[in-house]
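Encoded as structure tokens, the structure appears first; notes follow it.
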């Protein structure tokens, strides 16, 4: 039997053959910091204190060759070949078990042709403490649980989720077609390591794709309302004009907070009045350097990979890029949004 030792929580747990460090930890009830579970976001980057692992396919931005040479691994892609001792890197991450509770649906509001905003009143809001940028697991009757990011600030009473209707998605289909005010749902959480680092003194760069705007909204609004006066750049990429939402909301925030810049970008639509092309190209065109910035990225895998490349090329350290990768239901354990 192979064992995994986690000094930060004082646990020694068994690892099944072929099982990753992250999966073994989660199955043992350890709230190990993680995000995409696919080797793309770097949220589970860890120090291999002792032992050896086989590292599976991953993004070169999530774990560089230099970092591997220094003894770093991605817990989600690392399978122990013998007993190992591992420590995650994020000292700010507080390991705590998630909690489940009921919530009442107050509204299901259409935001675009395929995104709705859910507003939930929790049975025990005080017990649900999260950091801006984290997500929860939502369960509705007759459908599998799915992860959705909080779009509201942590100090707000109601929980706001943005749910995109994914073709073939059992949960999103029910949410869009059947869920209504007064219904009861079950939530569990919070979790997620791509949360706002409020102590960072440098600029903030946020890149959102589609419903990836949800965690970015929480991060941006928390920073602004918390008194942050650093430059904050928000880039919002969608395919077409009909996919844009909350534009007026962020334009209003721009008027109220002089340090915020909001840039919507359309990748497949030449509608007048909007930036055209890929959102990461717009970022690259606007900034020759972003050294010293903290970056928060949320959206589909291809956008997250492109964002890592653009940010890294402009001097943003890998340790300062926090990514939340949104998958379709076909991707194991991914977000349906």
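A few remarks follow.
- Taking every residue in region 175-190 that is more than 24 Å from residue 153 (Cβ to Cβ) and pairing it with any residue that is assigned to a loop (DSSP other than H, G, I, E, B), at least 6 positions away or on another chain, the pairs with Cβ-Cβ distances below 7 Å are 176/165.
- All positions within region 284-307 that are assigned to a helix (DSSP H, G or I), in contact with a helix residue (DSSP H, G or I) (Cβ under 8 Å, 6 or more places away or on another chain) and under 16 Å from residue 323 (Cα atoms): 303, 306, 307
- Some residue of region 174-184 being in contact with a strand residue (DSSP E or B) (Cβ under 7 Å, 6 or more places away or on another chain) and crowded, with 24+ Cβ neighbours inside 10 Å: yes
- Reported count of residues in region 262-280, each being closer than 18 Å to residue 310 by Cα and loosely packed, with under 15 Cβ neighbours inside 10 Å, is 2.
- When we screen 204, 219 for residues that are out of contact with any helix residue (DSSP H, G or I) (no Cβ under 8 Å at 6 or more places or on another chain) and under 24 Å from residue 293 (Cβ atoms), the only hit is 219.
- Residues that are within 19 Å of residue 153 (Cβ to Cβ) and not assigned by TED's automatic domain parsing to the domain that holds residue 136 are absent from region 267-286 altogether.
- Annotation: residue 82 fulfils all but one of (1) buried (at least 16 other Cβ atoms within 10 Å of the Cβ); (2) over 29 Å from residue 299 (Cα atoms); (3) out of contact with any helix residue (DSSP H, G or I) (no Cβ under 7 Å at 6 or more places or on another chain); the unmet one is (1).
The values are calculated or read from the model by the stated rules, or taken from the named source; none is laboratory data. Everything numeric here is computed off the predicted structure, so don't read it as measured data. Cβ: placed from backbone, ideal geometry, glycine included. Neighbour counts: every protein chain shown.
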